[in-house]
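One structure below.
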Amino acid sequence: MTRKERAQKAIAALRVAIPQPETELAYTDPFELIVAVALSAQCTDERVNKVTPDLFARFPDVQAMADTTPEELFPFIRSISYPNNKSKHLVGMANMIVHDFGGDVPSSIDDLVKLPGVGRKTAQVVASVAFDVDALPVDTHVFRVSNRIGLAENANTPTKVERQLKAALPQADWSEGHHLLILHGRYTCTARSPKCASCNVSPVCRYFKKLQALPQTLNGLDKKRGKYYCKTRKHYFDVPDEVSDRAGTVQLACPKCGSMNVFVTATGHTTKRVKDYRV
Ligand code: SF4
């Protein structure tokens, strides 16, 4: 399967799983959006949504935020990560919007990145969500999920992932793809414990395929020494334990160490069951 085919199949599957792929940040206009996106760096959308109602009530437009000081703004965002820096950036950003852009949030990525505290990722999110610009910002979720599924290969920087994703997906799918991959990474393909068993992308996921690969047959086992062989402790035994793996599949395990890396001595085959993709 080519990367393009994989990407298009993965996006099609995600469309089914996530019928409304859109940002979870609460906002009502481009200025509120850019503030919320800037606040969400290294922070969860949920936490940002808790502080923005009071923040926007006190500073209802770009002029009000430009007229304040970082010290005055700080208490409204103190529970967000890096509140000192973000206070300075928000006031600086509002000032630049007022003085250099006539009070309107610029719509192009090139102009957005000129604003204090606005990097390429924030600029792309704002351009895509507020102004329908075809953009594909790569955050931590998009980065991880793209590499896992195989939408990007050997891509060790967000820029490389972005380039490969853009090559694999039609331009019209970039913005939607970005939201789909973020939400997939946030709720299903999570960093520590991806929910592969309930993931509808699994048929095209490279990581899943790799996890499903069963260990190779072991040659040269001595069946006179026992019916089973534990590769972890390197010993033979006749009566295995039965345990449930993390996917709930019952597996044979070594009675001595509990390892599921067990082989049938007569054939050299693993006793792992196919669904046992995370043993
Ligand atoms: S199968 Fe697992 S690793 Fe692959 S996309 Fe789904 S959750 Fe992520």
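Is it the case that region 52-61 has a residue that's part of a loop (DSSP other than H, G, I, E, B), in contact (Cβ under 8 Å) with a residue 12 or more places away in the chain and of a type in the set (Ser, Thr, Tyr)?
For region 52-61, residues part of a loop (DSSP other than H, G, I, E, B), in contact (Cβ under 8 Å) with a residue 12 or more places away in the chain and of a type in the set (Ser, Thr, Tyr): absent.
Those residues that are under 17 Å from residue 33 (Cβ atoms) and part of a loop (DSSP other than H, G, I, E, B), I need them from region 62-84; list them, please.
The one that is under 17 Å from residue 33 (Cβ atoms) and part of a loop (DSSP other than H, G, I, E, B): 80.
Would you confirm whether any residue within region 215-234 is in a helix (DSSP H, G or I), within 16 Å of the ligand (Cβ to nearest atom) and out of contact with any His (no Cβ under 7 Å at 6 or more places or on another chain)?
no
For region 1-24, give me the residue count where each residue is at pLDDT below 95, outside any helix (DSSP H, G or I) and either more than 16 Å from the ligand (Cβ to nearest atom) or under 18 Å from residue 174 (Cβ atoms) (or both).
Looking only at that region, the number is 7.
Residues in region 167-209 that are surrounded by fewer than 16 Cβ atoms within 10 Å (Cβ to Cβ) and either away from the ligand (no atom under 16 Å from the Cβ) or among the aliphatic types (A, V, I, L, M) (or both): how many?
Selection size over region 167-209: 6.
Determine which single condition residue 46 fails, assuming it passes every other condition in (1) acidic (Asp, Glu); (2) within 23 Å of residue 136 (Cα to Cα); (3) exposed (fewer than 15 other Cβ atoms within 10 Å of the Cβ); (4) over 21 Å from the mean Cα position of the chain (by Cα).
Here residue 46 clears every test but (4).
Assuming residue 238 fulfils every condition listed in (1) of a type in the set (Asp, Glu); (2) surrounded by 17 or more Cβ atoms within 10 Å (Cβ to Cβ); (3) farther than 26 Å from residue 21 by Cβ apart from one, which condition is it?
Residue 238 satisfies all of (1) of a type in the set (Asp, Glu); (2) surrounded by 17 or more Cβ atoms within 10 Å (Cβ to Cβ); (3) farther than 26 Å from residue 21 by Cβ except (2).
Exactly one condition in (1) free of Cβ contacts under 8 Å to residues at least 12 places away in the same chain; (2) more than 16 Å from the ligand (Cβ to nearest atom); (3) not in a strand (DSSP E or B) is not met by residue 242; state its number.
Of (1) free of Cβ contacts under 8 Å to residues at least 12 places away in the same chain; (2) more than 16 Å from the ligand (Cβ to nearest atom); (3) not in a strand (DSSP E or B), only one is false for residue 242: (3).
Just wondering, is there one or more residues in region 199-209 that are closer than 30 Å to residue 15 by Cβ, assigned by TED's automatic domain parsing to the domain that holds residue 147 and of a type in the set (D, E, K, R)?
Going through region 199-209, the residues closer than 30 Å to residue 15 by Cβ turn out to be 199-209.
Filter again for assigned by TED's automatic domain parsing to the domain that holds residue 147, leaving 199-209.
When the remaining residues are screened for being of a type in the set (D, E, K, R), the result is 206, 209.
Yes: one or more hits.
Can we say residue 104 is part of a helix (DSSP H, G or I) and either out of contact with any strand residue (DSSP E or B) (no Cβ under 8 Å at 6 or more places or on another chain) or surrounded by fewer than 21 Cβ atoms within 10 Å (Cβ to Cβ) (or both)? I'd like the intermediate steps shown before the answer.
Details: part of a helix (DSSP H, G or I): no; either out of contact with any strand residue (DSSP E or B) (no Cβ under 8 Å at 6 or more places or on another chain) or surrounded by fewer than 21 Cβ atoms within 10 Å (Cβ to Cβ) (or both): yes.
Considered against the rule, which asks whether it is part of a helix (DSSP H, G or I) and either out of contact with any strand residue (DSSP E or B) (no Cβ under 8 Å at 6 or more places or on another chain) or surrounded by fewer than 21 Cβ atoms within 10 Å (Cβ to Cβ) (or both), residue 104 comes out as no.
List every residue pair whose Cβ atoms sit under 8 Å apart, with the two residues 6 or more apart in sequence or on different chains, where the first one lies in region 99-115 and is free of Cβ contacts under 8 Å to residues at least 12 places away in the same chain and the second, anywhere, is surrounded by 12 or more Cβ atoms within 10 Å (Cβ to Cβ) and aromatic (Phe, Trp, Tyr).
Once the first residue is free of Cβ contacts under 8 Å to residues at least 12 places away in the same chain and sits in region 99-115, its partners that are surrounded by 12 or more Cβ atoms within 10 Å (Cβ to Cβ) and aromatic (Phe, Trp, Tyr) give 111/101.
Please list, ordered by first then second residue, the pairs with beta carbon atoms under 8 Å, 6 or more apart or interchain, first in region 252-271 and on the phi > 0 side of the Ramachandran plot, second of a type in the set (Val, Ile, Thr) and not in a loop (DSSP other than H, G, I, E, B).
Close Cβ pairs (under 8 Å, with a partner that is of a type in the set (Val, Ile, Thr) and not in a loop (DSSP other than H, G, I, E, B)) amount to 258/243.
The values are calculated or read from the model by the stated rules, or taken from the named source; none is laboratory data. All values derive from a computational prediction rather than experimental measurement. Quick reminder, even Gly has a Cβ in these numbers, built from the backbone with ideal geometry, and neighbours come from all protein chains shown.
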